[in-house]
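The values are calculated or read from the model by the stated rules, or taken from the named source; none is laboratory data. Predicted model only: the values in this text are computed from it and were never measured. For neighbour counting, all protein chains shown are included, and Cβ atoms are generated from backbone atoms with ideal geometry for every residue, glycine included. Surface accessibility is based on the protein's heavy atoms, side chains included, excluding ligands, DNA and RNA. Shrake-Rupley method; radii C 1.70, N 1.55, O 1.52, S 1.80 Å.
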Amino acid sequence: MIFMKKRILATFLAVLFCLAVGAGCEKRGQGLRLGGGPSGGTFVVAAQAIAEILQEEITGLRISVERSGGSLANLRGIEEKELDMALVYGADLYLAATPPDGDSRLPSLQHTRILARLYPAAAQLAVRDDRQIRLPSQLRGARVGIGSPGSGASLAAERYFRVLGIWDQITPVYIGYEAAMAELMRGNLSAVWEMVGVPSPSVTQASSKVPLRLLNLRSSAEHGNFFVSNPFYQPMDIAPHTYPGQDKAVETFSDSAFLVVSDTFPAADAARVLQVILSEKGIERLRAAHPALRTFSAGEAHKQLPAPLHEGVNELQKFVAPPQVSPQSR
């Protein structure tokens, strides 16, 4: 009898959850829409894990993981009410929240709110090991795959190469990670840029077939005052042996991936989502989904925030540590 009562209550809460968010699960048919990312990246892996956890714990809830160009496309999707939840990079949230100096291609941050910080994503610039390319500056005149249109990776690549002064001297190729790696192996690209959790699935797969070299990005970044111009990025090292044939640490920089929703997402439902993913079971499942998520925790979920938190976070203060807002978000 107690079991039946709990099951009925869970079903009732799930129905309320669906009806409260946006147009409602039943009206949309496919349920809630969660913006993921392109094939070969970490966004889609993390989004799929989140969807599976929520659907397991909230009876009757349906979530469709939407493939997208990435961070920028997801941010627009939230602002335009085309997505219910999404993954977005901190750099894009920060710049969208700070007009008029922000990137004009980014929508103005009006409705997007943060639920949780998920994982760090590292900039990675891969070249074939049999090519004599040792420095990013040697890519002048080269074709470089920089990620899909609408991806945070492509925007990060432009910011980086502009500081180096060579953006106008390379040919950026807007293409997804898996396709870009295939073109690199065929010799149609000189390098592939990614902004993903470590290890990158596409780099791992490609380097098992053709020896690759990851270029040191931080030395050039520091020399060009990259971190001064882009305070939302942080120095990071990719540990030795992360990829086949990589025997030294790679100096680079990182962004953070955030789970976001619209400000119209009901506070009680946002709190329920957080309760599930920040539970012991939720944290364990997310950490197992990808090595980049191994540091995900309740204590880290609300640190280094580049944009406002959703009001639903306030209902979980007894469950998570008090949020710490970074200086950039003030």
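Values computed for the structure shown
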item	result
Test result for Gln48, open to solvent by 30 Å² or more (accessible area, probe 1.4 Å) and modelled with pLDDT of 95 or more	yes
Among residues of segment 150-178, those that are open to solvent by 40 Å² or more (accessible area, probe 1.4 Å) and without any contact (Cβ under 8 Å) to a residue 24 or more places away in the chain, counted	2
So Leu217, is it at pLDDT 95 or above, farther than 13 Å from Phe253 by Cβ and open to solvent by less than 30 Å² (accessible area, probe 1.4 Å)	no
Hits in segment 278-297 (condition: open to solvent by 20 Å² or more (accessible area, probe 1.4 Å), under 13 Å from Leu118 (Cβ atoms) and aliphatic (A, V, I, L, M))	Ile283, Ala289
Flag for Glu251 being more than 14 Å from Tyr119 (Cα to Cα) and either part of a strand (DSSP E or B) or at pLDDT 95 or above (or both)	yes
Residue in segment 12-34 that is touching a Phe, Trp or Tyr at 6+ places or on another chain (Cβ under 8 Å), in a loop (DSSP other than H, G, I, E, B), modelled with pLDDT of 50 or more and surrounded by 14 or more Cβ atoms within 10 Å (Cβ to Cβ) present	no
Among residues of segment 187-204, those that are closer than 12 Å to Val127 by Cα and open to solvent by 30 Å² or more (accessible area, probe 1.4 Å), counted	3
